[in-house]
Amino acid sequence: MNVFDIIGPIMIGPSSSHTAGAVRLGQIATAIFGYAVKEANITLYGSFAKTHKGHGTDKAIIGGILGMKVDDAGIKTAIQAAAQAGLVVTFTTDRAKGYHPNTVKIQLKDKDSNEVTVMGSSIGGGNVRVSRINDLKVSFTCEYHTLIISHYDREGAVAQVANLLASSHINIAQMKLYRYDKGGEAVMVIEVDQKIGTHIMEEIKGYELVKSVATVKAI
Amino acid sequence: MLKFDEFQKIIILAKENNCRISELIIEDQIHALEISEEALIDRMTNNYMVMKDAIMTGSNTSEKSTSGLIGGDAVRMKTYADLGKSICGENLSNAIASALAVAEVNACMGRIVAAPTAGACGIMPAALWSVQQSLKLSDEAVVRAMFTASSLGMVIATAATLAGAQGGCQAECGSATAMATVALIELMGGSPNQIGHGAAIALKSVLGLVCDPVAGLVEVPCIKRNAIGVAQVFAATDMALAGIESVIPIDEVISAMKAIGDEMPTSLKETSESGLADTKTGRRIERDLM
């Protein structure tokens, strides 16, 4: 913790959890998707479902998808900006219980047939936790620079990435591995202390066992 | 590096070094963030500039919030303050107008600085800007005092909480009130001891304050609580500078705030299930917004 965690961040109001955190979730979903977004179908749960209009949670999520930062004055008019950019957006509210109070499911599609569904919650002070990517249950916060690598569950996949990070002088703060089935699709989430350059991304993308790579910058 | 677990430790260290609390904190944060003093001050200055911009923006617009519930009260208060007839006097009535301005900008999806949270974002800017004008201080002097305010915020975050969902409004507006008070006492030339007593006096006066926003929005009663918060800052600052001491030391007040927050029912911690949110009018507004 430092002084800027107390006086800061600079943000668009009114709520760090309902607005700033929502921007962040939009940014993260878009980073994970990796394609140009043409359609966004957003489902809001809990307090997000109840108060999204008054808190501008809907505008904030769209702003995040459009690449806006938490202090971007454009968030207020993000829905109009999305329309101008030709982005089709739908909002649904789901009053189902059992979710964290501030949860959103973001389904993104491009002009082809690519799509991803990311679910996450705003957990306070603008911090977030991603809980699901497609059908895979995950848990990470993007508090650090985060690498999200979709790959095949085979021996050596993790070692190859870890070796590259080590030789690039990137320190791993924490990492988690998730898979659907043994030998099937898997996701590794690696949080690191240093920024991840595009050349590293490109190299990982070229690995035989890797399907896709995304990075999310730390706040 | 400092631990920020007890405010009294910071007060003692400042006395031992015969320096201001802000000097200690700035020195500490240069090491913690691994940046130069210039870069550190610049970053805080940027926060202060955004705070002042929010005061200006909010003082010159009667824009309504997304819900339509609020907007225009800062202008109303400023106009009244300018008549020179207020019971609060020029300084305080202008500070109240400034706090309303920033809190309204926040509700209208404008740019603010969480201090320590978005819900309590009006108190620090209003108090700082008011004292800067009345004492004709430089921006840098004010910015340095913001480090003293931050250090108290860090202690509260460590020993208790700054989140309304965990501790109620006492954790948000209450912490902002105590933080602004310590900044003001330092700017007015008060001693580290007076800063400790001022912090305790300010925080004690908001203990037990619940977080019960109507329809879950950061509008009612949050915006007016920011305004009243500034009045508490002024009162606590003057009492501390007069040499009035808090019987209960600041760290014990923070512990009490934590205990009260823990005992506070969830229905009064940002869930809008009880309190003002559950009044006849509160529920009607909620239904109308759905």
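The values are calculated or read from the model by the stated rules, or taken from the named source; none is laboratory data. In this text the structure is predicted, and so the values were computed from the model without any measurement. Here the Cβ positions follow ideal geometry from the backbone for every residue, glycine too, while neighbour counts run over all protein chains shown.
Observations on the structure shown:
- Search result, residues across region A:53-64 that are surrounded by fewer than 24 Cβ atoms within 10 Å (Cβ to Cβ) and either under 17 Å from the mean Cα position of the chain (by Cα) or in contact (Cβ under 8 Å) with a residue 24 or more places away in the chain (or both): A:Asp58
- Odd one out for A:Thr77, checked against (1) in contact (Cβ under 8 Å) with a residue 40 or more places away in the chain; (2) within 14 Å of chain B (Cβ to nearest Cβ); (3) out of contact with any helix residue (DSSP H, G or I) (no Cβ under 7 Å at 6 or more places or on another chain): (1)
- When region A:195-214 is limited to residues that are among the hydroxyl-bearing types (Ser, Thr, Tyr) and touching a residue at least 12 places away in the same chain (Cβ under 8 Å), the one that is farthest from A:Ser167 (Cα to Cα) turns out to be A:Ser212.
- When the criteria are applied in full, B:Val143 fails the requirement of being in contact (Cβ under 8 Å) with a residue 24 or more places away in the chain and under 13 Å from B:Ile21 (Cβ atoms).
- Close pairs from region B:3-21: first on the phi > 0 side of the Ramachandran plot, partner hydrophobic (A, V, I, L, M, F, W, C) and not in a loop (DSSP other than H, G, I, E, B), Cβ under 9 Å, at least 6 apart: B:Phe4/B:Ile10; B:Phe4/B:Met154; B:Phe4/B:Val155; B:Phe4/B:Ala157; B:Phe4/B:Ala159
- Checklist (1) more than 25 Å from B:Gly189 (Cβ to Cβ); (2) within 12 Å of chain A (Cβ to nearest Cβ); (3) at pLDDT 95 or above applied to B:Ile26, failing item: (1)
- The helices (runs of 4 or more DSSP H) falling completely within region B:75-189 that include 3 or more residues that are at the interface with chain A (Cβ under 9 Å from one of its Cβ atoms) map to B:89-107, B:139-159.
- Scope region A:103-137; condition at pLDDT below 95, over 15 Å from the mean Cα position of the chain (by Cα) and surrounded by 14 or more Cβ atoms within 10 Å (Cβ to Cβ); matching residues: A:Gly124, A:Gly125
- Residue that is among the basic types (Lys, Arg), surrounded by 24 or more Cβ atoms within 10 Å (Cβ to Cβ) and assigned to a helix (DSSP H, G or I), where the choices are B:Arg225, B:Arg283: B:Arg225
- Within region B:128-150, the set of residues being buried (at least 24 other Cβ atoms within 10 Å of the Cβ) and either over 18 Å from the mean Cα position of the chain (by Cα) or polar (S, T, N, Q) (or both) comprises B:Ser130, B:Thr148, B:Ser150.
- Wholly within region A:1-63, helices (runs of 4 or more DSSP H) carrying at least 3 residues that are within 30 Å of B:Ala149 (Cα to Cα) and more than 8 Å from chain B (Cβ to nearest Cβ): A:21-33
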